Amino acid sequence: MTTFGASLRYEFRMQVRKRSVWIVPALTLVLFVLIGGSLLRDLFDPGERPLDPRTGVVGLAVQLHALLAIGFGCLLADRLVRDDRLGVAPILDATPASPAARLLGKYLGAAAATAVPIAVAYFGFAAAYAIDTRQPVALAWALAAFTVVIVPGLLLVAAFALAVPMIMPAPLFRVLFVGYWLWGNIVSPEMMPTLARTLFHPLGGYPLDALFGFHGIDGEDTWAGPVTGATFNVLRPEPTPVLAWLSIALLLLVSAAALAGGHTLRARRLR
Amino acid sequence: MRIEISGLTKTYRGGVHALDGLDLDIPTGMFGLLGANGAGKTTLMRILAGIVRPSAGRVVVGGHDMASSAGRTAVQRELGYLPQDLGVYPDLTARQFLDYVALLKGMDDRPVRRRRVGELLEVVALTEYADRRLRGFSGGMRQRVGIAQALLADPRLLIVDEPTAGLDPEERIRFRTLLSQFAGRRTVLLSTHIVDDIGHTCREAAVLARGRLIFRGTVEELTRRAEGRVWSVVTDGPAPSEGTVVSALPQDDGMRYRVVARDAPSAQARPLDPSLEDGYLAVAADQS
């Protein structure tokens, strides 16, 4: 097995066994429903739910992604720095294994493990919706939305969650990340400068708009493109399928850059 | 694997000089490294393990120049390393942790790897606990896991930093014997504060102080450096102020002190035969 494979396998195994990886998203969902998370309820109400299964499961993807990515980022914040904290780093660094391959394995393994409860929740709700509405095609849309909307966003969050605690304490990163997530995704671009609705939007505004034709549950919202009077409109061209794929590529590129930064910082500390 | 070190300097950020132009040759076999805290032993070992880069100087291990990435990787393929302040992943079992490290060491063949992990768990007497999570292991048990991981790939160079810290006396003796048996035609670099461990395992040793070499020779030569400088003093008064007090043993008529000093600390002082520890203290005292 390669260094990458070994690191991926064991990082996945260690992370998926952590109780908090399961408890945090479960509690978030329970709280969300308790405070009136409408779509999770409405999906199973024949009078309220969208008639189109695509709109239903893509809307579900947006809500769960926006909500559960917060805990996802916080749970990953100690993954890279903990090797030093635990004192395992010298053993791993003294092996002939490539540090870059180890980091990539750690990144994907830990991120995949932390995403398992999100996938379970999302596909669980989607499957229940498909059964309730007798529309199995909803599952195909769910798979597509998970792949092109949720996964790129989570990969971006994971890269920063691993890399940024190299330059600041993990608890501080968690506070700043929650702040960023709310600012970047909830605050309207007209109110203050944000990355919402840009090509760099981790909630996937361009794929939602151009690949899924999603404009909110009621069909009245827009998720990408220029906003009158907002800053950063240069990053908000009119959505097209090409730009949707470009947006996904940009998210992956920024993730790679963040990881490379973390890798470089760690290597410099050894000099 | 012969280790040749010349002009080795390591200065950390903030201007702390851990190593200061160190020259040292380490032959095949067991080799001891002694020195006070901050002498530079751990930095030297970390450089030899390829996890810290020197500020200046040259290190060649088994013909591989550690200045190049290829050289470091070649050495790491032959290396077993047990760091000071060893850490483990608390979420993994002992077997899983060893399997993970073995994979990173390039032991790709699964049956071979599993057999080797099993053998080493037996060697460090952890077979019974192999499938328990490391979270519940005592310090001594974790240290034994550390010893096992260092031996995984049958290394030609074994670097062990304070390996017997946290082990009980029986475990310590067992590990010392294991190291001696393991050495054979390999190179084992043993750094410790427990001088006795060096005396029982190494033919040659070096002493570092403030990042410099202050002694390099056989263990017997190190012992002889205290000849004529070890004294027994029995007194019911204060401890001798001259020299270094090695031990203090309560007696009926006062306290019996063992002292390393150039001259007799008192008129009643009796000369004693030196031990290795006395030799180390004599060398250290000459530098201070």
- Six or more apart or on different chains, Cβ under 8 Å: which pairs go from a residue in the range A:77-92 that's within 9 Å of chain B (Cβ to nearest Cβ) and closer than 17 Å to A:A267 by Cβ to one that's among the charged types (D, E, K, R) and buried (at least 20 other Cβ atoms within 10 Å of the Cβ)? Could you list them? A:A89/A:D83; A:P90/B:R46; A:L92/A:D83; A:L92/A:R102
- Message: I need the full set of residues from the range B:142-164 which are outside any loop (DSSP other than H, G, I, E, B) and either without any contact (Cβ under 8 Å) to a residue 40 or more places away in the chain or touching a Pro at 6+ places or on another chain (Cβ under 7 Å) (or both), in order please.
- Response: B:R144, B:I147, B:D161
- Go through the range B:173-216 residue by residue and tally those that are in a helix (DSSP H, G or I), within 12 Å of the chain's Cα centre (by Cα) and either of a type in the set (V, I, T) or surrounded by fewer than 17 Cβ atoms within 10 Å (Cβ to Cβ) (or both). 4
- Message: Going by what's in this entry, would A:V151 be described as among the β-branched types (V, I, T), under 29 Å from A:M168 (Cβ atoms) and either within 14 Å of another protein chain (Cβ to nearest Cβ) or out of contact with any Phe, Trp or Tyr (no Cβ under 8 Å at 6 or more places or on another chain) (or both)?
- Response: yes
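For B:V219, are the conditions met, namely being within 14 Å of the chain's Cα centre (by Cα) and crowded, with 19+ Cβ neighbours inside 10 Å?
Numbers: within 14 Å of the chain's Cα centre (by Cα): no; crowded, with 19+ Cβ neighbours inside 10 Å: yes.
Here the answer is no, as B:V219 does not meet what is asked.
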- Query: Looking at A:T222, is it more than 30 Å from A:V81 (Cβ to Cβ), in a loop (DSSP other than H, G, I, E, B) and of a type in the set (S, T, Y)?
  - Reply: yes
- Message: Condition first: at the interface with chain A (Cβ under 10 Å from one of its Cβ atoms), in contact (Cβ under 8 Å) with a residue 40 or more places away in the chain and part of a helix (DSSP H, G or I). Can you find one or more residues in the range B:110-125 that meet it?
- Response: no
- Only one of (1) away from chain A (no Cβ under 12 Å); (2) buried (at least 18 other Cβ atoms within 10 Å of the Cβ); (3) in contact with a helix residue (DSSP H, G or I) (Cβ under 6 Å, 6 or more places away or on another chain); (4) not small (G, A, S) is not met by B:Q149, so which one is it? (1)
- Has the range A:109-119 got any residue that is more than 10 Å from every other protein chain (Cβ to nearest Cβ), farther than 30 Å from A:I35 by Cβ and buried (at least 18 other Cβ atoms within 10 Å of the Cβ)? yes
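Yes/no matrix, rows are residues, columns are (1) within 14 Å of chain B (Cβ to nearest Cβ); (2) of a type in the set (D, E); (3) surrounded by fewer than 15 Cβ atoms within 10 Å (Cβ to Cβ):
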{"residue": "A:P189", "(1), (2), (3)": "no, no, no"}
{"residue": "A:R197", "(1), (2), (3)": "no, no, no"}
{"residue": "A:F214", "(1), (2), (3)": "no, no, no"}
{"residue": "A:D218", "(1), (2), (3)": "no, yes, yes"}
{"residue": "A:T264", "(1), (2), (3)": "no, no, yes"}
- Message: Whether any residue in the range B:131-139 is of a type in the set (K, R), surrounded by 17 or more Cβ atoms within 10 Å (Cβ to Cβ) and assigned to a helix (DSSP H, G or I) is what I want to check.
- Response: no
- So which of B:V60, B:V52, B:V75 is over 14 Å from the mean Cα position of the chain (by Cα), of a type in the set (V, I, T), at pLDDT 95 or above and not in a helix (DSSP H, G or I)? B:V60
- Item | the range A:24-49, residues that are surrounded by fewer than 13 Cβ atoms within 10 Å (Cβ to Cβ) and assigned to a helix (DSSP H, G or I) | A:L27, A:V30, A:L31, A:V33, A:L34, A:R41
- Task: Report, ordered by the first and then the second residue, all pairs with beta carbons closer than 6 Å, sequence separation of six or more or different chains, a first member in the range B:80-103 that is on the phi > 0 side of the Ramachandran plot and facing chain A (nearest Cβ under 7 Å), and a second member that is small (G, A, S) and surrounded by fewer than 24 Cβ atoms within 10 Å (Cβ to Cβ).
- Result: B:D85/A:G87
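I'd like the full set of residues that are under 21 Å from B:R203 (Cβ atoms) and either out of contact with any helix residue (DSSP H, G or I) (no Cβ under 6 Å at 6 or more places or on another chain) or in contact (Cβ under 8 Å) with a residue 40 or more places away in the chain (or both), limited to the range B:165-176. I'd like the intermediate steps shown before the answer.
Within the range B:165-176, the first condition is being under 21 Å from B:R203 (Cβ atoms), and the residues that meet it are B:172-176.
If the condition is that a residue be under 21 Å from B:R203 (Cβ atoms) and either out of contact with any helix residue (DSSP H, G or I) (no Cβ under 6 Å at 6 or more places or on another chain) or in contact (Cβ under 8 Å) with a residue 40 or more places away in the chain (or both), then B:R172, B:I173, B:R174, B:F175 are the ones that fit.
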- Which condition does A:G73 not pass, out of (1) away from chain B (no Cβ under 12 Å); (2) under 18 Å from A:R174 (Cβ atoms); (3) not in a helix (DSSP H, G or I), if it passes all the others? (3)
- Query: Taking the range A:73-114 as the search range and keeping residues that are of a type in the set (G, A, S) and touching a Ser or Thr at 6+ places or on another chain (Cβ under 7 Å), which one is farthest from B:L79 (Cα to Cα)?
  - Reply: A:G109
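The values are calculated or read from the model by the stated rules, or taken from the named source; none is laboratory data. In this text the structure is predicted, and so the values were computed from the model without any measurement. Glycine also receives a Cβ, built like all others from the backbone with ideal geometry; neighbour counts cover every protein chain displayed.
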